[in-house]
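Reading through the structure tokens given below for one structure.
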4 protein chains.
Amino acid sequence: MRSDIAWSNAETIVIRGHDLVEELLGKVSLGDFGFLELFHRLPDESESVVFNAMLVSLAEHGMTANAMVARLTYLGAPESLQGAVAAGLMGLGTTFVGTIEGTAKMLQGVSGDDAWRTDDAALEELATGIAEGFVTARTPVPGIGHPIHKPVDPRAEKLFRLAREHGLDDAYERLLRAVKAVAEDRLNRELPINVTGAIGALATTMGLRWEVSRGLGVMARAVGLVGHILEELDQPIARTVQHETERTASAHLVEGNSHG
Amino acid sequence: MRSDIAWSNAETIVIRGHDLVEELLGKVSLGDFGFLELFHRLPDESESVVFNAMLVSLAEHGMTANAMVARLTYLGAPESLQGAVAAGLMGLGTTFVGTIEGTAKMLQGVSGDDAWRTDDAALEELATGIAEGFVTARTPVPGIGHPIHKPVDPRAEKLFRLAREHGLDDAYERLLRAVKAVAEDRLNRELPINVTGAIGALATTMGLRWEVSRGLGVMARAVGLVGHILEELDQPIARTVQHETERTASAHLVEGNSHG
Amino acid sequence: MRSDIAWSNAETIVIRGHDLVEELLGKVSLGDFGFLELFHRLPDESESVVFNAMLVSLAEHGMTANAMVARLTYLGAPESLQGAVAAGLMGLGTTFVGTIEGTAKMLQGVSGDDAWRTDDAALEELATGIAEGFVTARTPVPGIGHPIHKPVDPRAEKLFRLAREHGLDDAYERLLRAVKAVAEDRLNRELPINVTGAIGALATTMGLRWEVSRGLGVMARAVGLVGHILEELDQPIARTVQHETERTASAHLVEGNSHG
Amino acid sequence: MRSDIAWSNAETIVIRGHDLVEELLGKVSLGDFGFLELFHRLPDESESVVFNAMLVSLAEHGMTANAMVARLTYLGAPESLQGAVAAGLMGLGTTFVGTIEGTAKMLQGVSGDDAWRTDDAALEELATGIAEGFVTARTPVPGIGHPIHKPVDPRAEKLFRLAREHGLDDAYERLLRAVKAVAEDRLNRELPINVTGAIGALATTMGLRWEVSRGLGVMARAVGLVGHILEELDQPIARTVQHETERTASAHLVEGNSHG
């Protein structure tokens, strides 16, 4: 039973080998600290840019279901801001943010020889196998498709561009694009690589285990949800949403009974 | 019913007036994005240093109760990493992180004229009134005292030093120090300003409403808790902790019955 | 470090002294088991009726904020039904269910001699002191007032009637009614004792610590929220609510920018 | 967008067609109310016995991981009892309670003709197919096996006996027993049907969709976790567990550095 994350005594706190007060505070940003948590070393400048961009792209998506959850929870329990944010985070599951995990798992499941990294025919063959597995199972290919941001998701393209500009290997990007092309061909429609797909590919390139990749979304959205609680304090909407929903959803029952 | 945080169409996502793809990704770190959420503008360089330092000081405290909660929850529900982190965040209440809120509320409750900001006698009088209110009520003064980091909490001192070096007004730091001095005098023991106390003072200086100040801890600890889940995957401790606790806590019952 | 709740070996599980298989399964209902958890003994028949009625009165309130939270969370994370219900429960705070706690705390705060239990003048004096404390502080009196169920909350009256019919002491009911009368007089409006007020009074009569009285709402609402998830599976509303809210709340931003 | 669960006006609250005050309070127990939520009608006496027994068997398992989570969360945020219970519930995932869902899904996945219900050879063939699917995939068969309660889980046997005595069809019990026998044969070890397996089978017999079957555990454990918070108030263990874990897990780091 051991943990290697941190230790402290009265004068010193050390996190992953770095003295908190001397080496981290004032020198390291929250996003870079997240990199330290996941990779056990601080990022270089290029890694910092790409990693923070991945997080920022996930932090705020406007009035999503989880933002509404945070606000509705805060309405009932204003004594527990942490509970409202936590409630919001609990919706970051398979439907939305979980596709990071799906993409990372798909890409990290590639085994055997690495020919595909340099050989276009091998890449093509690998991508075809992956895509057809999903198409045959009538399951959505993770990381591909978006209801609004099509034919391209500009966030995904930007993240890939940043990664290339900062020297990250682009093998998983190319593999995901090849998978996408096969899927588009088989399903006969345009399927953009979406932001969570790009993040799943970049996290894989960086060496993050797929099992924890959903955590990128959790780190980032915690930041955004605090912003929603603040706005709810200033411009509340939760009570109105609740009243309107209750009224609309139960109108047939109330009416059905008002003549009784 | 309106929200001013974000809007989007197929090609563009705009957050607090900034085009996500063009102006934020690759340029803004997660911590700076948190500043944008809370203050509706990006930080300047000095603000960025101080704000990120505040967050980083809260992100990781080793094997705390909430880190254990995240790990024990993950043991039961590995399908829901977001749930494990959310469970961990729910403990960021009045006992630990809530003291940010307590300090900020105490400092933001100062009303009337601002003489204390420049007049030492007025500062002393104000601090005495505040401290004696808590001492009389036999309630701990928020932001003061620490079981381990004494006589000084090095994180608090570092944060204050960074803030001064980066040009933040130090009125609330001075007020908190004056409150601390009165409390030490009345209670006759050393009471360091702790890290959450310093953050409560700095958040107040920055203009953050006390009601949302606990959110700084939530933003930061979400980052740390993902690190704990990753370590739990590699070096699990939750099952052992649970078994040991169960065995120890129920030993008297099992023994009491084994002779029956 | 000891727990007296349960122990087990390969053949036997014992909970608060009762053999689970031989004495509880098939004989004890979930509500009665809740009584066992809180009072460390099984209820008699009368206690069972009243205690279950208290729980049932809290279990389902239709499309409340916490029901919406559970549904919106399930939309994002259908892999984690437990997370959706848990998210819903997190809103059972001071605004709604927390008033059980407020009422119980108010009533359990009565100290000194017990004359008020038998002497009407003492009751009146005690109630006046309590009510005026809240009125002076401009704080709502816990357990009193309801936006819809007025001039009486029929659930509260029913619970009190059941309690009297089943032999519970009515001293705290009388005290709460006296507090209500004073509050109505001072504030010059009708203030029904609401359902959480009645439950706070009955829980106090039963000897439940106020600190855990909110737990009655948590036990009960967990049951109701599972029902909401089931209905969400059959007749989903979460996605529609989210889309409508997003559209309405950000309309001014989208319009403001569509001409740009 | 409609909900059929409840409606109300100033005088009346109606839940699934029943007047709350007139027909439910004082007449219906919390467990029976749970039946109403799931099946949209009240249980008859036999159904009530079996359904409540299923819930009670899940309500309390002593110092489990989720009980520890609730207590550790309460340590940090005593202002939010609902958050502590909710945190505890979040661990009711695939590892423990989720096996109800696994069993129910396995049994509800049986399609085609119903010969197996009356024809032993068909039952045997069906069970063999199911069991071999899991054995081949090297996946545990849901609802079978237990680390402590072996060779039989007495709770499972009791639940099945209660169900038969109260007239429930036993087809799914027989199917699960047949699956178990094949699995024992193929894996060459004793595998008791466990309590969550029995509940998955009985829930299937009752007609509960597998997607919501995990909700039985959530309903029940919410009751048990409130009991743990109450005991934590009286006999706290969370702080000790946390200190001991922290000390043990970081001993190597502290020692490694104390000579530096």
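The values are calculated or read from the model by the stated rules, or taken from the named source; none is laboratory data. Everything quoted here is computed from the prediction, not taken from an experiment. Using ideal geometry, Cβ is built from the backbone for each residue, glycine included, and neighbour counts are taken over all protein chains shown. Keep in mind that these areas ignore ligands, DNA and RNA; they rest on the heavy atoms of the full protein, side chains included. Shrake-Rupley method; radii C 1.70, N 1.55, O 1.52, S 1.80 Å.
Looking only at segment B:23-44, residues that are free of Cβ contacts under 8 Å to residues at least 24 places away in the same chain and more than 20 Å from the chain's Cα centre (by Cα) come to 7 in all.
Listed by first and then second residue, the pairs with beta-carbon distance under 9 Å, at least 6 apart or on different chains, first residue in segment D:90-107 and over 25 Å from B:MET90 (Cβ atoms), second open to solvent by 10 Å² or more (accessible area, probe 1.4 Å) and basic (Lys, Arg), are D:ALA104/D:ARG209.
Can you say whether A:THR245 is of a type outside the set (Phe, Trp, Tyr), open to solvent by less than 20 Å² (accessible area, probe 1.4 Å) and within 13 Å of the chain's Cα centre (by Cα), as far as the supplied structure shows? When the stated conditions are applied, A:THR245 does not pass them.
More than 17 Å from C:LEU58 (Cα to Cα), part of a helix (DSSP H, G or I) and open to solvent by 50 Å² or more (accessible area, probe 1.4 Å): is that true of C:ARG177 in this structure? Quick ask: steps written out before the conclusion?
Numbers: more than 17 Å from C:LEU58 (Cα to Cα): yes; part of a helix (DSSP H, G or I): yes; open to solvent by 50 Å² or more (accessible area, probe 1.4 Å): yes.
So C:ARG177 fits the description; yes.
Hey, does segment C:135-153 have a residue that's in contact (Cβ under 8 Å) with a residue 12 or more places away in the chain, part of a helix (DSSP H, G or I), within 19 Å of C:LEU202 (Cα to Cα) and open to solvent by 20 Å² or more (accessible area, probe 1.4 Å)? Reasoning before the result, please.
Taking segment C:135-153 as the starting set, the residues that turn out to be in contact (Cβ under 8 Å) with a residue 12 or more places away in the chain are C:135, C:141-146, C:149-153.
Filter once more, keeping what is part of a helix (DSSP H, G or I): C:135.
Restricting the remaining residues to those that are within 19 Å of C:LEU202 (Cα to Cα) gives none.
No: segment C:135-153 contains no residue that is in contact (Cβ under 8 Å) with a residue 12 or more places away in the chain, part of a helix (DSSP H, G or I), within 19 Å of C:LEU202 (Cα to Cα) and open to solvent by 20 Å² or more (accessible area, probe 1.4 Å).
Count of segment A:145-195 residues, restricted to those that are of a type in the set (A, V, I, L, M) and farther than 28 Å from A:SER48 by Cβ, is 8.
Can you tell me which of C:GLY34, C:GLY91, C:GLY102, C:GLY62 is buried (at least 24 other Cβ atoms within 10 Å of the Cβ) and within 14 Å of chain A (Cβ to nearest Cβ)? Lay out the reasoning, then the answer.
Details: C:GLY34 fails: within 14 Å of chain A (Cβ to nearest Cβ); C:GLY102 fails: buried (at least 24 other Cβ atoms within 10 Å of the Cβ); C:GLY62 fails: buried (at least 24 other Cβ atoms within 10 Å of the Cβ).
Criteria check complete, one pass: C:GLY91.
Return the residue satisfying two criteria in turn: it lies in segment A:15-27 and is out of contact with any helix residue (DSSP H, G or I) (no Cβ under 6 Å at 6 or more places or on another chain) and surrounded by 18 or more Cβ atoms within 10 Å (Cβ to Cβ), and of such residues it is farthest from B:GLY227 (Cα to Cα). This residue is A:LEU20. Please tell me if B:GLU124 is in contact with a Leu (Cβ under 9 Å, 6 or more places away or on another chain) and charged (D, E, K, R). In short, no.
Yes or no, residue by residue, for (1) closer than 24 Å to A:GLY76 by Cα; (2) touching a residue at least 12 places away in the same chain (Cβ under 8 Å); (3) within 14 Å of chain D (Cβ to nearest Cβ); (4) surrounded by fewer than 20 Cβ atoms within 10 Å (Cβ to Cβ):
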| site | (1), (2), (3), (4) |
| --- | --- |
| C:ALA183 | no, yes, no, no |
| C:LEU208 | yes, yes, yes, no |
| C:MET219 | yes, yes, yes, no |
| C:GLY224 | yes, yes, yes, no |
| C:ARG239 | yes, yes, yes, yes |
| C:ALA251 | no, no, no, yes |
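Suppose we filter segment B:81-111 for residues that are more than 21 Å from A:ALA86 (Cβ to Cβ), of a type outside the set (A, V, I, L, M, F, W, C) and touching a helix residue (DSSP H, G or I) at 6+ places or on another chain (Cβ under 9 Å); how many remain?
Of the residues in that region, 4 qualify.
What number of residues in segment C:226-237 are of a type in the set (Asp, Glu) and open to solvent by less than 60 Å² (accessible area, probe 1.4 Å)? Break it down into steps so the answer makes sense when it comes.
Filtering segment C:226-237 for residues of a type in the set (Asp, Glu) gives C:231-232, C:234.
Adding the requirement that they be open to solvent by less than 60 Å² (accessible area, probe 1.4 Å) leaves C:231-232.
Number of matching residues: 2.
Looking only at segment D:7-31, filter to residues that are hydroxyl-bearing (Ser, Thr, Tyr) and part of a loop (DSSP other than H, G, I, E, B); which one of those is nearest to the other protein chains (Cβ to nearest Cβ)? Only one residue fits best here, namely D:SER29. Within segment B:92-116, the only residue that satisfies the criterion of being in a loop (DSSP other than H, G, I, E, B), out of contact with any Gly (no Cβ under 7 Å at 6 or more places or on another chain) and within 17 Å of B:HIS146 (Cβ to Cβ) is B:THR94.
Look at segment D:113-126: where a residue is touching a residue at least 24 places away in the same chain (Cβ under 8 Å) and in the same structural domain as D:ASP170 (by TED's automatic domain parsing) and a partner is part of a helix (DSSP H, G or I) and surrounded by fewer than 16 Cβ atoms within 10 Å (Cβ to Cβ), sitting 6+ places away or on another chain with Cβ atoms under 7 Å, you get D:TRP116/D:ALA122.
Run down B:ALA86, B:ALA67, B:ALA77 and say which single residue is surrounded by 18 or more Cβ atoms within 10 Å (Cβ to Cβ), farther than 23 Å from B:ILE193 by Cα and touching a His at 6+ places or on another chain (Cβ under 6 Å). Please lay out each step first, then the result.
Values: B:ALA86 fails: touching a His at 6+ places or on another chain (Cβ under 6 Å); B:ALA77 fails: touching a His at 6+ places or on another chain (Cβ under 6 Å).
Only one candidate qualifies: B:ALA67.
Among residues of segment A:11-22 that are charged (D, E, K, R), those with a beta-carbon under 6 Å from a residue that is part of a loop (DSSP other than H, G, I, E, B) at least six positions away or on a different chain give the pairs A:ARG16/A:HIS40.
Restricting segment A:105-123 to residues that are surrounded by 15 or more Cβ atoms within 10 Å (Cβ to Cβ) and of a type in the set (D, E, K, R) leaves a set whose member that is farthest from A:ALA181 (Cα to Cα) is A:LYS105.
The set of residues from segment A:1-41 being modelled with pLDDT under 95 and of a type in the set (Phe, Trp, Tyr) comprises just one member, A:TRP7. When B:ASP44 is tested against (1) farther than 20 Å from D:ALA238 by Cα; (2) facing chain D (nearest Cβ under 9 Å), only condition (2) is not met. In the set D:GLU231, D:GLU190, D:GLU244, only one residue is within 14 Å of chain C (Cβ to nearest Cβ) and modelled with pLDDT under 95; that residue is D:GLU190. Here B:GLY200 passes the criteria (1) touching a residue at least 24 places away in the same chain (Cβ under 8 Å); (2) in contact with a helix residue (DSSP H, G or I) (Cβ under 6 Å, 6 or more places away or on another chain); (3) open to solvent by 10 Å² or more (accessible area, probe 1.4 Å) except the one numbered (3). Just one residue in the set B:VAL69, B:VAL56, B:VAL85, B:VAL50 is touching a residue at least 60 places away in the same chain (Cβ under 8 Å), within 14 Å of chain D (Cβ to nearest Cβ) and in a helix (DSSP H, G or I); that residue is B:VAL85. Between A:GLU79, A:GLU124, the distinction of being assigned to a helix (DSSP H, G or I) and on the phi < 0 side of the Ramachandran plot belongs to A:GLU124 only.
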